[in-house]
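Engineer: Questions regarding the structure given below will be posed in turn.
The values are calculated or read from the model by the stated rules, or taken from the named source; none is laboratory data. Computed from a predicted structure; not experimentally measured. As a convention, Cβ positions derive from the backbone with ideal geometry for all residues, glycine included, and neighbour counts pool all protein chains shown.
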Amino acid sequence: MKMRTTYACVMLSFSLLLSGCQPDKPANEADTTATFHWFDYQGQDAVFAEPLAKGSYQNPVVAGFFPDPSITRRGDDYYMVMSSFSYTPGLPILHSTDLVNWQLIGHALNRSSQADMAGMQVSRGIFAPTIRYHDGTFYLITTVVDKGGNFILTATDPAGPWSDPIWLPEVEGIDPDIFFDDDGKVYISHNGEAPGEALYEGHRAIWMWQYDPVKKAVLPDSKKLLVNGGVDLSTQPIWIEAPHIYKHNGWYYLVCAEGGTADQHSAVVFRTRSLNEPFVPYDSNPILTQRDLPADRANPITTAGHADFVQLPDGQWWAVFLATRAYEQRFYNTGRETFLLPVSWQDEWPHILPKGQEIPYQLTAPTGLISSTGGLTQTGNFKWRDEFDGQSLKLDWNLLREFDQSWLRFDGQNLSLKAKAVGMNSLSQPAFIGRRQQHSSFETSTSLVLPKGTISAGLVAFQNEQYHYYLGVKTEDGKPTVFLEQAKGAKPSLMTSQHLAAGTTELRLKIQGNAAEISFYYADKNGDWQQLGPVQDAKILSTQVAGGFVGTTLGLHARQHTEDKP
């Protein structure tokens, strides 16, 4: 068991690192501080229980809320980036050498000079990015919705640091792509408003600009319409978006998402011999979807689409794309995840998955690549634990909206959060750190010092501002009390509470989730787990109920209370 500092040392001022006793500490500092000893997370999904056969891999390759993947290659190294919406740091960067074992190595957005997401709802902020490597430099293009629009970041090391944004005020809409042609020209394509007046709800278009990397601006008057509506405008296709341009065997290919990001999602492809000529849709579109499969199939993978391609050194092509693992046919709390499938070529058209075929959970891995098995996996039934024995947050942790971390401190053995008068339903930044829920069935727990004064602290399962759970502990009427709050489309309300034994100074808290059910537990330092209240509804943490584009995150929270009740 790791050694602990004394109780007085744990509750030191936030203006100091907690390195020893400070008798001159202001008396009220401890009343605003919550101290956590560790955080533990374990996945328990049945679909991950079957051992992998030799030479095979597990889908999704990146589980949990990692949507809208984009991929690029530099030599033997592969890098992916995903949407992060209003979480900070933003734009997670993952690395692999074998395409199936991925490790989080950094974030492209890690400071306030790059993006402003203050006051945003959690599903706003950073939408779908594209990452490309060209001539010694990594380029990342994306959108901050509501505050600035489209921009480019650059880096020589994908782990960072990344540049401040190159803003593209002329480029409207979302989902930008950057393409480097072999003649030296550079193009940006993106989703935008349809030409003229929209003909129906969801009528959008794909546009393209030429970009000057020296002047760091698009060329005036270079805007061009690539796709109006989708594959066949007469059928009123919706939400054509997520364009990516590639060149292969003398053809230019445009791969897009179509059908919206729910159960009608798909990937479609167009091609042309010249960027000065129209793109022609493939007769056998879509090249990826799960929308035509029976809804009652076992362990369904749904909402597949939004694909990006990468070519391996030996000429193989592979696609990463988003999809979801649903329970009860259509619910998912884990958000949109990243899957991997091979790309085959037929009559010089790319194919990802034949019509009517289910996305496999396990299949043959790419060959001829360097193993990445030594890295931290992002799939399967892994265990993840943070002993808070460093001096900074691990990369798996995220905050909400702002980049400020002045309210958290490490002492080499504990993490302390300075409580704010801001709850999880606020559009300000709460004192909250969260990691992604990456399994439908999971268990997460923590150990903390019973907070004093008028603050509470504990575990949160957070989907958005109006849908979340808070399992907290506080001192109420002089008594240590554990409580459960639920936000279900409105202001959080108290579900249940329980007074603890007098003299309780430390407590363990646990959340256990299993698809549509979620349960909450507490225990003193060495005691058995006690369930707090009945099993609760986990569907309120699903996208189908809560809405938006994110998955659930699980983490630690501290809050000031101005009333007697939480």
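Engineer: Are there any pairs, at least 6 apart or on different chains, whose C-beta atoms fall under 6 Å, with the first in the range 108-133 and in the same structural domain as I166 (by TED's automatic domain parsing) and within 13 Å of W162 (Cα to Cα) and the second hydrophobic (A, V, I, L, M, F, W, C) and assigned to a loop (DSSP other than H, G, I, E, B), and if so, which?
Structural biologist: From the range 108-133, the pairs are A108/W162; L109/A115; R111/F403; S112/F403.
Engineer: Could you tell me which residue of the range 523-553 is nearest to Q437 (Cα to Cα), considering only residues that are buried (at least 21 other Cβ atoms within 10 Å of the Cβ) and touching a Lys or Arg at 6+ places or on another chain (Cβ under 7 Å)?
Structural biologist: That would be T553.
For (1) within 28 Å of R124 (Cα to Cα); (2) surrounded by fewer than 24 Cβ atoms within 10 Å (Cβ to Cβ), each residue gets a yes or a no:
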| residue | (1), (2) |
| --- | --- |
| W407 | yes, yes |
| E443 | no, yes |
| L450 | no, yes |
| Q463 | yes, no |
| Q486 | yes, yes |
| S493 | yes, yes |
| H499 | no, yes |
| R508 | no, yes |
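Engineer: I'd like to check something: does the range 220-229 contain any residue that is assigned to a loop (DSSP other than H, G, I, E, B) and closer than 24 Å to I71 by Cβ?
Structural biologist: Checking the range 220-229: not a single residue is assigned to a loop (DSSP other than H, G, I, E, B) and closer than 24 Å to I71 by Cβ.
Engineer: Do the conditions hold for A304, that is, is it in contact with a Lys or Arg (Cβ under 9 Å, 6 or more places away or on another chain), crowded, with 24+ Cβ neighbours inside 10 Å and not charged (D, E, K, R)?
Structural biologist: The answer is yes for A304.
Engineer: Looking at the range 188-207, can you tell me whether even one residue there is part of a strand (DSSP E or B), of a type in the set (D, E, K, R) and at pLDDT 95 or above?
Structural biologist: Taking every residue of the range 188-207 in turn, at least one turns out to be part of a strand (DSSP E or B), of a type in the set (D, E, K, R) and at pLDDT 95 or above.
Engineer: Return the pair list, or none, for Cβ contacts closer than 7 Å from residues in the range 271-298 that are hydroxyl-bearing (S, T, Y) to residues that are surrounded by fewer than 13 Cβ atoms within 10 Å (Cβ to Cβ) and not in a loop (DSSP other than H, G, I, E, B), at least 6 apart or on different chains.
Structural biologist: Close Cβ pairs (under 7 Å, with a partner that is surrounded by fewer than 13 Cβ atoms within 10 Å (Cβ to Cβ) and not in a loop (DSSP other than H, G, I, E, B)) amount to T272/V280.
Engineer: Further question on the same structure: Tell me, which residue of the range 316-352 that is of a type in the set (D, E) and over 23 Å from R436 (Cα atoms) is surrounded by the most Cβ atoms within 10 Å (Cβ to Cβ)?
Structural biologist: This residue is E348.
Engineer: Tell me which residues, restricted to the range 199-218, are touching a Phe, Trp or Tyr at 6+ places or on another chain (Cβ under 8 Å) and either surrounded by fewer than 21 Cβ atoms within 10 Å (Cβ to Cβ) or of a type in the set (S, T, N, Q) (or both).
Structural biologist: G202, Q210, A217
Engineer: Yes or no: D524 modelled with pLDDT under 95, of a type in the set (D, E) and not assigned by TED's automatic domain parsing to the domain that holds R336?
Structural biologist: yes
Engineer: Continuing with this model, one more query. Scan the range 251-298 residue by residue and report those that are of a type in the set (D, E) and out of contact with any Lys or Arg (no Cβ under 9 Å at 6 or more places or on another chain).
Structural biologist: Across the range 251-298, the qualifying residues are E258, E277, D283, D296.
Engineer: While we're on this one: Kindly indicate which of K223, K216 is of a type in the set (D, E, K, R) and on the phi > 0 side of the Ramachandran plot.
Structural biologist: Of K223, K216, the one residue that is of a type in the set (D, E, K, R) and on the phi > 0 side of the Ramachandran plot is K216.
Engineer: For residues in the range 301-325 being in a loop (DSSP other than H, G, I, E, B) and in contact (Cβ under 8 Å) with a residue 40 or more places away in the chain, which is nearest to the chain's Cα centre (by Cα)?
Structural biologist: Per the criteria, the residue is L312.
Engineer: Could you tell me whether any residue of the range 245-261 is out of contact with any helix residue (DSSP H, G or I) (no Cβ under 8 Å at 6 or more places or on another chain), within 29 Å of V62 (Cα to Cα) and modelled with pLDDT under 95?
Structural biologist: Taking every residue of the range 245-261 in turn, at least one turns out to be out of contact with any helix residue (DSSP H, G or I) (no Cβ under 8 Å at 6 or more places or on another chain), within 29 Å of V62 (Cα to Cα) and modelled with pLDDT under 95.
Engineer: Just one of the numbered conditions (1) within 30 Å of L322 (Cα to Cα); (2) touching a residue at least 24 places away in the same chain (Cβ under 8 Å) is not true of L494; which one?
Structural biologist: For L494, the failing item is (1).
Engineer: Kindly indicate whether D135 is surrounded by fewer than 23 Cβ atoms within 10 Å (Cβ to Cβ) and at pLDDT 95 or above.
Structural biologist: Yes.
Engineer: Output the number of residues of the range 125-138 satisfying the condition of being more than 16 Å from P243 (Cα to Cα) and in contact with a strand residue (DSSP E or B) (Cβ under 6 Å, 6 or more places away or on another chain).
Structural biologist: Count: 6.
Engineer: Look through I370, I359 and report the one residue that is over 26 Å from the mean Cα position of the chain (by Cα), part of a loop (DSSP other than H, G, I, E, B) and either aliphatic (A, V, I, L, M) or assigned by TED's automatic domain parsing to the domain that holds N514 (or both).
Structural biologist: I370 is the lone residue from the list that is over 26 Å from the mean Cα position of the chain (by Cα), part of a loop (DSSP other than H, G, I, E, B) and either aliphatic (A, V, I, L, M) or assigned by TED's automatic domain parsing to the domain that holds N514 (or both).
Engineer: Additional query: Residue by residue through the range 220-261, note down the ones that are small (G, A, S) and either in contact (Cβ under 8 Å) with a residue 24 or more places away in the chain or surrounded by 19 or more Cβ atoms within 10 Å (Cβ to Cβ) (or both).
Structural biologist: If the condition is that a residue be small (G, A, S) and either in contact (Cβ under 8 Å) with a residue 24 or more places away in the chain or surrounded by 19 or more Cβ atoms within 10 Å (Cβ to Cβ) (or both), then G229, G230, A242, A257, G259, G260 are the ones that fit.
Engineer: Specify the residue that is nearest to F65 (Cα to Cα); the eligible residues are those in the range 96-134 that are β-branched (V, I, T) and in a strand (DSSP E or B).
Structural biologist: Result: I126.
Engineer: Right, something else. Would you mind stating whether L494 is farther than 23 Å from T334 by Cβ and modelled with pLDDT of 95 or more?
Structural biologist: Answer is yes for this residue.
Engineer: Quick check on my filter: what residues within the range 409-425 are part of a loop (DSSP other than H, G, I, E, B) and either surrounded by fewer than 19 Cβ atoms within 10 Å (Cβ to Cβ) or among the charged types (D, E, K, R) (or both)?
Structural biologist: Those that are part of a loop (DSSP other than H, G, I, E, B) and either surrounded by fewer than 19 Cβ atoms within 10 Å (Cβ to Cβ) or among the charged types (D, E, K, R) (or both): D411, G412, Q413, A421, V422, N425.
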